[in-house]
Structure formats: structure tokens, C-alpha cells
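Just below is one structure, and these are the notes that go with it.
Read-outs throughout are calculated quantities, based only on the coordinates presented, and are distinct from any laboratory measurement. A quick note: this is a predicted structure, and the numbers were derived from the prediction, not measured. Cβ placement follows ideal geometry from the backbone for every residue including glycine, while neighbour counts extend to all protein chains displayed.
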Amino acid sequence: MPILGSQSSGAKGAPTAPTVGTATVTNATTVSLTFTAPESKLPITSYTTVSSPSIALSTSGTSSPLTVTGSFVTDVSYTFTLTATNSVGVSSSSSASNAIIPDPTPPVRGVFAGGQNSSQTNVNTIDYVTIATTGNSTSFGTLSSSINHISGCASTTRGLFAGWDGNYNNFSNYITIASTGNGTTFGTLTTARAKLAAFSSSTRGIYAAGGSSGGYSSVIDYYTLATLGNATSFGSILNTGREGVSGCGSTTRGIYSGGINTSYANTSYIEYVTIASTGNGTSFGTLTAVKQNTASCSSSTRGINAGGASGTILSTIDYITIASTGNATNFGNLTGARWWFSGTSSPTIGIFPGGNVSDYAGSTYVDSITIATTGNATSFGNITQKSAGGSLSNGHGGL
């Protein structure tokens, strides 16, 4: 009776052709290739994979599935054929596999940190989701302190959460977005602040306004994301100190909007700065309503502002075109009214985790929108805490 990978009769010779199975993308540089072993009277010593279009490949493994490694090109479709080798020779080629399109770009993660649990106690939880899919969040690690009212910004590789720890003490932690693990101390803001706006380019993270021990702040700071160190003064916001401000941006322009001012009045201000320079904020326009503690996110062209409070808690979503100036336009509505929450995005999808549905009753919902269109939000999944202190991603509009 023949056995898998052997010849039942005849002279010892090269193997017969393997039967190729399914090719599956593993990550940016590897593909998993299943197969059925050929008949061979002698042991199989190796397998070799050839791609179409042809690129240099290495094939490791002697049983199914094989790991095929190469420098794949984004958006190119590849098929694979397989040969087997024993001490006598090389088999003929298998038929071609299914086509796959490797993507060297790592998936965009949304990362949520801090916030409060159902007992209104600050937490140090860090969770994440893959923004291209829907579902509940997964544990990432923990911050160095339990904290609420922080904000997040990020490059493609490093995320930074900064704010205050509940006693107006400076707090900042960084994470490596593609891995999981605990936050590490980064540096300090020039002034410890809560409920502040954050946005970034690929190199610079900016924090604007917020509540401080001296009242509502107009300070704008920036960090160089690739290095460890304290924040540096950038300038001041335009229209008086405010807290409960949210931020987003493109690769060149940072936007911050809303908030409650030093007269304890909700505002509708939208202001902008040029991220690569330093200087004070410039007027952009106004939101569709005065409101505070909103959530923002953006693609490279469109900024989104959602929810917040203005006498009542709101579900409205506004949008702006970042490269121009002007007033916001109605986009749609969240699945429910929320405030004290945050937002982040991939290049196409915006998500809004957690938030309070009343003064202190929190929500675990994550909402999702398609940024390029208008319309109401849909359910994405749930986070582990009742509110998310800060959010960031490795694919937001500033990258």
C-alpha cells in the first residue's frame, strides 16, 4: 500500500508533481501555501516555489503548509507553482495556486487608553481594534497610571497619550502600535492639562488647550514623536482658554474645535495651525452648534466632529474640508447621544469609542462612519470600559 510522499513501485526516481492547495497572505512578506505531498520512493529533501509574476522567493518547511517569503509588491496579484526535490532530481511543476494580493502595509489599528469603568473609577486599560473589520476591542496592555481625560496622537509606528492624572500632574505614555504591551513614560507637557485636543503629522504630535490647575488653558505644545523628551511650546489658541476641545488634521494642518471657555460658555470655534511650523491658532469657521467634550477624527481631506454637550447631550456629527476654511456642515448622527469621548480613524473609516450618555453613565459602544460620505453612524462593536480616555491610530488623516 503506497504511503504519502513515496512511490509504490518502479525504479527510484524524481518525485511526481506535488498538488498545490491554497495560498494565503500571512503578513507583508510571507504567504502560507498548502499542498499534498507527491509520490517519491526517496525522501523529499526540499520544496521550491515559483511565483507569477516572478520574484525571488524562499520556501521553508517540508510539510503542508509551506512558508513562502519574498519582497511582494503592493496591489500585485500573484499565483504560485510548486516542485519537490529528492536525491535523484526535481519533480515537474504543480498547477498554479489561487491568486493572492499581498499588502506590505500593516493593518490600521485604533487604540483606546484610560477612561473610567462602570463604577466611575479611572482605569489604566489599553484596548485596540483593527479598523478595517468590526468587532469588540482586544486587550493591548496597560498605562503606567489609571487616568481619564487624556488625548492621543500617533505616527505610523508610535502612539502617545498625554494629559493629567486627576491631580493636575503631568502624564504621558507611549506605545508601539504594531505590537502589544504596556505604556512607557515619554515626557511632560509644558503645562499639565485635561480634556485637551490632540492631532499629529508623521513626525510631530500637538496638544492644544485643556483644563489646568490655573483654569482653562490656551497653550499649544508639540512633541517630536520619534524621540523621548518633553513637549515644546508651539503657540496659543485664538479664542480664549478652553477645555473639552477635540482635534484632528491632515498631513499639514491641525484642527481643534469646540470646548467650554473661561466664561463657562460652550463654544463653536474651529481653529487651525500649520503642524510643521509654530505659531498661534487661526480662525477656520464654526461648528453647527456650540458644544464641549466632542470627539474628532479625519481622513487626509475631511475633518469630523461628533457628539458633545450643549445644554443637552448631542448625537450630531459635523464635517469640514480641512484644506479650506469655512463653517462645518451636518454629516449625520451617532447611534446615540454621547459626550466625554474620543475618536480616531483609518484613511477611510472613523470610529468613536465609549463616551458618557448622561452626566456620568458611560457607554461601551464603538460607532463607525465612512468619512468620505455623509450619513448616520453604525455599530462597530464594544470596548471594555465605559468611556475611553484617549484614542489614536497608525492610519489617521495626518499620516
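The string of couplings for the stretch 235-244 from the Karplus curve (6.51, -1.76, 1.60, θ = phi - 60°) is x, 9, 5, 7, 9, 6, x, 8, 10, x Hz, one whole number per residue in order, with x for Gly and Pro. Neighbour counts of other Cβ atoms within 10 Å put I126, I150, I275, I44 in the fewest-to-most order I44, I275, I126, I150. Ranked for footprinting exposure by Cβ neighbours inside 10 Å, fewest first, T67, T288 give T67, T288. Between S346, S202, S95, the Gaussian network model of the chain with springs among Cα atoms under 10 angstrom shows the greatest mean-square fluctuation at S95. With one equal scatterer per alpha carbon and no solvent term, the Debye-computed log10 I(q)/I(0) for the stretch 1-105 at 0.11, 0.12, 0.16, 0.21 1/Å reads -0.33, -0.39, -0.64, -0.99.
Here the relative contact order of the stretch 110-229, from alpha carbon pairs under 8 Å that lie six or more residues apart, stands at 19 percent. Counting Lys and Arg as +1 and Asp and Glu as -1 over every other residue whose Cβ lies under 15 Å from the Cβ of G229, the net charge comes to +1. Taking a straight line from the alpha carbon of K386, these lysines sit under 25 Å away, with near neighbours fewer than eight places off in the same chain left out: K195, K291. In this structure the amide hydrogen of L57, modeled in the peptide plane, comes within under 5 Å of no amide hydrogen from residues 5 or more places off or on another chain. Rounded to the nearest 20 debye, the dipole magnitude of the chain is 160 debye, with +1 charges on Lys and Arg beta carbons, -1 on Asp and Glu beta carbons, and the Cα centre as origin. Rounded to the nearest whole Hz, the Karplus-based 3J(HN,Hα) values (6.51 cos²θ - 1.76 cosθ + 1.60, θ = phi - 60°) of the stretch 203-213 follow the sequence 10, 10, x, 10, 10, 10, 6, x, x, 10, 5, with x at glycine and proline.
Computed from the mean reciprocal separation of all distinct C-alpha pairs, what Kirkwood hydrodynamic radius does the stretch 335-399 have, in Å? About 12.0 Å, per the Kirkwood formula over Cα pairs. Summarising the amide proton neighbourhood of S46: residues at separation of 5 or more, or on other chains, whose placed amide H is nearer than 5 Å comprise T85. Residues whose amide H comes within less than 5 Å of that of A17, counting only those at least five positions distant or on another chain, are S92 (H built at 1.01 Å from N in the peptide plane).
For the chain, the longest piece that avoids every one of the chymotrypsin sites (Phe, Trp or Tyr not before Pro) found in DSSP loops with at most 13 other C-beta atoms within 10 Å covers 1-263. Ordering D165, D75, D318, D367 by the number of other Cβ atoms within 10 Å of each residue's own Cβ, fewest first, gives D75, D165, D318, D367. In order along the stretch 13-29, the phi-based Karplus estimate (6.51 cos²θ - 1.76 cosθ + 1.60, θ = phi - 60°) of 3J(HN,Hα) comes to x, 5, x, 6, 5, x, 9, 6, x, 10, 9, 9, 5, 9, 7, 4, 10 Hz; Gly and Pro are listed as x.
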